[in-house]
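J.: Sharing a structure here in structure tokens format.
The values are calculated or read from the model by the stated rules, or taken from the named source; none is laboratory data. These figures come from a predicted structure and were not determined experimentally. Backbone-built Cβ (ideal geometry, glycine too); neighbour counts: all protein chains shown.
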Amino acid sequence: MRRSLCLAALCVLLFSPLVQASSSVDYNLLIHGQPVINEYTVGTGANTSYLVIDFANSGGAGPLNSYLFEYKWDNVITTGQMIAAISNFVTDPLNVDSDTFDFGFGPVTFINDFAYLTETSDGRANTFWLYSTGVLGADLQNPLQQTVTWTGSFSGVDDINISANSFTGFTYLDYDPQTFEGINPQDPRVPTLSALPEPSAVLLLAGAPLWLLNRRKTRRARSL
């Protein structure tokens, strides 16, 4: 009976349009007391960092509109190298468009666009992807819980090295073409179980034990 329930939950997860087959619940990382939804774990190493891509302002089609990828690494790694490693690894296409400029002090690479699963930017004028770095720490309003504190960055993605337990986030924003300032900028949202619509959350919870059991077997991250 238990096996039948697990298989049924797995089938529903695989064919439900609200829950991606690659996603898993990570109970080792809690934000505001809620486990995060992890799309993929990529790489091997003693250090862990996270990439968050938030499509909320792009007219995204998914229930979350924001996606987290876990990256494990050793040695010195830049943000750009982490993004490239994740993009090259995931089986659900993560497309990244970037441009490199030279302002006289060396090349600088900026992200132009992301596309993941059914999520794309809508292509309207006067928009850009805001690059932010995040630090995991205590929530000032509830010190017993963790949150991510974000800081906007105007550096290129190859100019900043990631650090252990750090977050890198991108949010799609409108900007004022006169001042080039972002309009209503928002921090990247770390996707958690509480952010899912209720039916999807129940399904993902039902399949989580089986998912986490198979994760070591079928989604073991390769060395990059």
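J.: Just give me the residues in segment 139-156 being in contact with a Phe, Trp or Tyr (Cβ under 7 Å, 6 or more places away or on another chain) and at pLDDT below 95, in sequence order.
T.: The initial filter retains those residues of segment 139-156 that are in contact with a Phe, Trp or Tyr (Cβ under 7 Å, 6 or more places away or on another chain), namely 148, 153, 156.
Ser153, Gly156, listed by residue number.
J.: Take the residues in segment 100-131 that are touching a strand residue (DSSP E or B) at 6+ places or on another chain (Cβ under 7 Å) and not in a strand (DSSP E or B); name whichever of them is nearest to Asp176 (Cα to Cα).
T.: So, considering only residues that are touching a strand residue (DSSP E or B) at 6+ places or on another chain (Cβ under 7 Å) and not in a strand (DSSP E or B), the one nearest to Asp176 (Cα to Cα) is Asn126.
J.: Taking segment 75-115 as the search range and keeping residues that are touching a residue at least 60 places away in the same chain (Cβ under 8 Å) and of a type in the set (Gly, Ala, Ser), which one is nearest to Phe128 (Cα to Cα)?
T.: Looking at the filtered set, the residue picked out is Gly80.
J.: Still on this structure, I have one more. Mind telling me which of the residues Gly169, Gly156, Gly134 ends up being buried (at least 19 other Cβ atoms within 10 Å of the Cβ) and more than 22 Å from Asn38 (Cβ to Cβ)?
T.: Answer to the check: Gly156.
Residue-wise test of (1) out of contact with any Phe, Trp or Tyr (no Cβ under 8 Å at 6 or more places or on another chain); (2) under 25 Å from Ser163 (Cβ atoms).
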site	(1), (2)
Tyr50	no, yes
Asn65	no, no
Leu68	no, yes
Ala85	no, yes
Phe89	no, yes
Ile111	no, yes
Thr127	no, no
Leu130	no, yes
Gly137	yes, yes
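J.: While we're looking at this one, here's another question. Could you list, in sequence order, the residues of segment 157-199 that are assigned to a loop (DSSP other than H, G, I, E, B), closer than 21 Å to Thr100 by Cβ and at pLDDT 90 or above? Outline the logic, then answer.
T.: Narrowing segment 157-199 to residues assigned to a loop (DSSP other than H, G, I, E, B): 157-160, 162-165, 176-181, 184-191, 196-197.
Filter once more, keeping what is closer than 21 Å to Thr100 by Cβ: 157-160, 162, 180.
If the condition is that a residue be assigned to a loop (DSSP other than H, G, I, E, B), closer than 21 Å to Thr100 by Cβ and at pLDDT 90 or above, then Val157, Asp158, Asp159, Ile160, Ile162 are the ones that fit.
J.: May I ask you to verify whether Asp113 is among the charged types (D, E, K, R) and either surrounded by 13 or more Cβ atoms within 10 Å (Cβ to Cβ) or touching a Gly at 6+ places or on another chain (Cβ under 9 Å) (or both)? Lay out the reasoning, then the answer.
T.: On the way: among the charged types (D, E, K, R): yes; either surrounded by 13 or more Cβ atoms within 10 Å (Cβ to Cβ) or touching a Gly at 6+ places or on another chain (Cβ under 9 Å) (or both): yes.
In short, yes.
J.: Mind listing just one residue for me: the one in segment 61-99 that is among the small types (Gly, Ala, Ser) and part of a strand (DSSP E or B) and, of those, surrounded by the fewest Cβ atoms within 10 Å (Cβ to Cβ)? Break it down stepwise before answering.
T.: Here is the first cut: in segment 61-99, the ones among the small types (Gly, Ala, Ser) are 61-62, 66, 80, 84-85, 87, 98.
After this cut, where a residue has to be part of a strand (DSSP E or B) as well, the list is 66, 98.
Details: Ser66: 22, Ser98: 17.
For segment 61-99, the residue satisfying everything is Ser98.
J.: What pairs can you find where one residue is in segment 130-141 and within 13 Å of Tyr50 (Cα to Cα), the other is part of a loop (DSSP other than H, G, I, E, B), and their Cβ atoms are less than 7 Å apart, with a gap of 6+ or different chains?
T.: Note: pairs meeting the criteria are Ser132/Asp187; Ser132/Pro188; Thr133/Ile160; Leu136/Asn165.
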